[in-house]
1. Of all residues in segment 20-37 being loosely packed, with under 13 Cβ neighbours inside 10 Å and more than 15 Å from ILE73 (Cα to Cα), which is nearest to the chain's Cα centre (by Cα)?
2. Across segment 11-43, what is the number of residues that are without any contact (Cβ under 8 Å) to a residue 12 or more places away in the chain and in a loop (DSSP other than H, G, I, E, B)?
3. Restricting attention to segment 118-136, which residues are in contact with a helix residue (DSSP H, G or I) (Cβ under 6 Å, 6 or more places away or on another chain) and either over 16 Å from ARG103 (Cα atoms) or of a type in the set (S, T, N, Q) (or both)?
4. Is segment 4-19 home to any residue that is loosely packed, with under 14 Cβ neighbours inside 10 Å, among the aromatic types (Phe, Trp, Tyr) and modelled with pLDDT under 75?
5. Within the group ALA92, ALA76, which residue is surrounded by 11 or more Cβ atoms within 10 Å (Cβ to Cβ), in contact with an Asp or Glu (Cβ under 8 Å, 6 or more places away or on another chain), among the small types (Gly, Ala, Ser) and at pLDDT 85 or above?
6. Can you tell me which residue within segment 71-87, out of those that are of a type outside the set (A, V, I, L, M, F, W, C) and touching a helix residue (DSSP H, G or I) at 6+ places or on another chain (Cβ under 6 Å), is farthest from PRO42 (Cα to Cα)?
Amino acid sequence: MRPDYSRQYQPLKPEYPINPWLLGIGVFFVAMILLNIFFGLPPVCRDGWHSSSIGSRGACSHHGGVVSQNGWIFWASAVISAAAVFLMDARAKAVARAKELVRLKRFDDYPVPDGYDAKEYRDLLAVGFSDLETQKIIAARRPKNASAREARPETKRDS
């Protein structure tokens, strides 16, 4: 099997503990329920009349209908769920960046064989190539007569 030399460096992608959409929807509904329980105002009639029968049919028919004063709870829940998704995304990206730094730092002190460019060698190792694959890639990138050119310096011809 021939190694794939076309691999390029790919940074690590963030790993999310839960699907961001599921988290957002779940937090939204939990926030709606909790905010309604702790901060929800009872519905009143449009003219301000408080009735214990609100919720049954026709309770505020002579007072202009029922008005809910809890519209802010929907928007507060939306903001809370968006913040939860944003924080999870920021955390996942920070963890991925930290893992990436550890992965790249691991090769800073890696010994490089004589005759190889240290940066190129370590970059190929960071991508995931083995030592042997890295040496083959670097050898394939060099010009074919590089060693012959280095051994025999060019001379100027007089014309």
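1. My answer is TRP21.
2. 1
3. THR134
4. Yes; the residues of segment 4-19 include at least one that is loosely packed, with under 14 Cβ neighbours inside 10 Å, among the aromatic types (Phe, Trp, Tyr) and modelled with pLDDT under 75.
5. On the way: ALA76 fails: in contact with an Asp or Glu (Cβ under 8 Å, 6 or more places away or on another chain).
None of the others qualify; the one that does is ALA92.
6. Going residue by residue through segment 71-87, those that are of a type outside the set (A, V, I, L, M, F, W, C) are 71, 77, 81.
Among the residues that remain, those that are also touching a helix residue (DSSP H, G or I) at 6+ places or on another chain (Cβ under 6 Å) are: 77, 81.
Details: SER77: 18, SER81: 24 Å.
Selected residue: SER81.
The values are calculated or read from the model by the stated rules, or taken from the named source; none is laboratory data. Computed from a predicted model, the values in this text were never measured in an experiment. Reconstructed Cβ throughout: ideal geometry from the backbone, glycine too, with neighbour counts over all protein chains shown.
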